[in-house]
Every structure is written in C-alpha cells, then in structure tokens.
Amino acid sequence: MSGSYVTSTGESVKVSISPAYASDVQAGQRWAEFFASLLHDEELARLDAYIAPLEEVELICNGEALGCYGGNHLVSMGETNFGVTPQAVATHEYGHHIAANRVSPPWPAIHWGTKRWASVVGVCARAAAGTAFPGAEDDNYSLNPGEAFAESYRVLIETKGTAVGYDWPIVDPSFNPTPASLAALREDVLHPWLLPTTKTIRGTFLRRRRIWSTQVATPLDGDIRVRVTVPGGGADDVTLLTGDGRTELATGTWTSSGGRSAEYRVCGARSVRVRVTRRAAVARFTLQMQVP
C-alpha cells in the first residue's frame, strides 16, 4: 500500500506500507495523520515514509536498526520492539528529515544540527575540542550531534518542550536536552534559518580620531563578514576582535571590488568587536556586516 494521503490538516503526506501489513487497510492514512501531527514546516510535503516489520527494516537499513533516513526517505518499524514504540522511532527519523531540509552554513545541518539548536548546544566548539563528531557512524556514534538533534526533536515532541521525564538511550548524556535547547530547536522547525543578517553602517570619524569601533552581537555560530569602503576609494582598514577588544581575530584584506574586508568563524563567542582604522583623507566610511 502506498500513496499520498490527505490528512485532517489538509496536507498531503506520502506513505508506503509494507505488504506484511496488507490486512491493515487504514495503516497508510493513520501514519500520514501521525506525521502531520508532528511539529513541522514545509519539509512535510517532501517526506517519503515507509513502514515495515523490523526484519524488513534491518534489511533496508543495512544492519540492526529500528529505522533509518536518507534523501527525504524515512524508514521505520511498524510495531513495538525492545520496549521502543514505532512512533518514537518515526519521530526520531523525522528529526533527521527536518535537519536535511534546513541550511546552516558553513556546516551541513543533517550532521551538525540546525543553526539555532547547534549554537545553543555548542556543536562547533565541541567539534573543535573533540567532544562531538558530526556525521559519525562508528564508535563515536553517541557523540554525533546529528543523532543528538534527532533525539532532541523526539524529546521536544514527547515532553512538549519541557525536557522533563524523557528517556535518552542512544546519545551521550552530554547532549541531554534542556528547555533552552528545545526552544531553539522548536524555532528552527517552525521558522527555519535561511540567510545571515546584513547590516550597513555609515560612520564618521570624530575630529582627530583615527579609530572607530562597535560591538556586534553574534547569537549564532557561523561566518561573520565585514567590509569597509570609503567614498571615492580609500584604504581605511577593518579588524575583527574578541568581544572585550583585547585579541585580534581577523585583519582586513583588499577586496576585488575595492575596500577592505575581514571574516571570522564564530564558534561559541556571543559577541565580537569591529574596529575601523582611518587611513584615507575623508572622515566618512561605510561598513557592511553579515552576521549568522
């Protein structure tokens, strides 16, 4: 049995049911309603779900697995095994589907988790420190933030965002959900992050001053880019520093279109300082910033 089922929400969900469940003529509609009941956005329309007995699932998923996901195709067992319900498995795999349909440059969300959630959990800093392993399917599977994201989505659904009274059997406890991480995940589901924030500042150096600076909030991990230009061309410089202004993170280089630019990968820091140094004769400058 397979087809696109129109649910009570008016959405169409593609579900296929194993021939082993042929006697359950309502299974397709029931599972379509289940997926439509989950917290979701437009990615639901791209879902292709297949529900089957555990033995068939293990063949499809190439090993001992209760479900798997790849390329918008979700596979889940259709009955309870080892005390785990099929709904729990399907919810976890749908978490992967959400991540696969989100962007979080410079990292793939399917392996790192979505932008806001990964920033709250600290995936970038953990990966750099060797305490998280994006995409790992080996001995570091329990430290794979992609799996932590999918399990966190399950907890979000099952606890309604409270992070109270959940089980956490397959992912390292260091990724345990909190109300804050679940709130970020919920935001990523309902309001997907799409593009960096762009801001333009037209500044003027005060008389006899050669340094201008401003604090920039960086609530999300990712690449910050700044570019300074001077009317008529010029050589004002731009530097990125730590939030306290004590350490240089990136210095300006010439761009092909004129002006100087600097960029830095934010990895846990929640603010940086941008400094413009006057080199040109004119006092005015334009600063363009892209922040994750």
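The values are calculated or read from the model by the stated rules, or taken from the named source; none is laboratory data. The structure presented is a predicted model; accordingly, all values stated were derived computationally and were not measured. In this analysis, Cβ positions are derived from the backbone assuming ideal geometry, glycine residues included, and neighbour counts consider all displayed protein chains. Each accessible area value is taken on the protein alone, full model and side chains, heavy atoms only, with ligands, DNA and RNA left out. Shrake-Rupley method; radii C 1.70, N 1.55, O 1.52, S 1.80 Å.
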Residues of the stretch 134-154 being under 13 Å from TRP107 (Cβ atoms) and either open to solvent by 10 Å² or more (accessible area, probe 1.4 Å) or among the acidic types (Asp, Glu) (or both), in sequence order, are PRO134, GLY135
Over the stretch 192-205, the set of residues surrounded by fewer than 19 Cβ atoms within 10 Å (Cβ to Cβ) and either touching a residue at least 60 places away in the same chain (Cβ under 8 Å) or of a type in the set (S, T, N, Q) (or both) is LEU194, PRO196, THR197, THR198, LYS199, THR200, ILE201, ARG202, GLY203, THR204, PHE205
Restricting the stretch 208-223 to residues that are part of a loop (DSSP other than H, G, I, E, B) and either without any contact (Cβ under 8 Å) to a residue 40 or more places away in the chain or touching a strand residue (DSSP E or B) at 6+ places or on another chain (Cβ under 8 Å) (or both), the one surrounded by the most Cβ atoms within 10 Å (Cβ to Cβ) turns out to be ASP221
* Asked: Would the stretch 253-266 turn up any residue that is under 30 Å from ALA132 (Cβ atoms), in contact with a strand residue (DSSP E or B) (Cβ under 6 Å, 6 or more places away or on another chain), open to solvent by less than 70 Å² (accessible area, probe 1.4 Å) and charged (D, E, K, R)?
  -> no
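Of all residues in the stretch 236-259, how many are of a type in the set (A, V, I, L, M) and free of Cβ contacts under 8 Å to residues at least 24 places away in the same chain? Walk me through how you get there before you give the answer.
Within the stretch 236-259, the subset of a type in the set (A, V, I, L, M) is 238, 240-241, 249-250.
Those left that are additionally free of Cβ contacts under 8 Å to residues at least 24 places away in the same chain: 249-250.
Total satisfying the criteria: 2.
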All-but-one check, LYS14 against (1) touching a helix residue (DSSP H, G or I) at 6+ places or on another chain (Cβ under 6 Å); (2) surrounded by 15 or more Cβ atoms within 10 Å (Cβ to Cβ), failing number (1)
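Could you pull out the residue among PRO196, PRO192 that is within 30 Å of VAL228 (Cβ to Cβ) and under 14 Å from the mean Cα position of the chain (by Cα)?
Details: PRO192 fails: within 30 Å of VAL228 (Cβ to Cβ).
The conditions single out PRO196.
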Looking across the stretch 224-248 at residues that are in a strand (DSSP E or B) and open to solvent by 20 Å² or more (accessible area, probe 1.4 Å), the single one that is nearest to VAL276 (Cα to Cα) is ASP237
Here the residues within the stretch 72-108 that are open to solvent by less than 10 Å² (accessible area, probe 1.4 Å) and assigned to a strand (DSSP E or B) are LEU74, VAL75, SER76, MET77, SER104
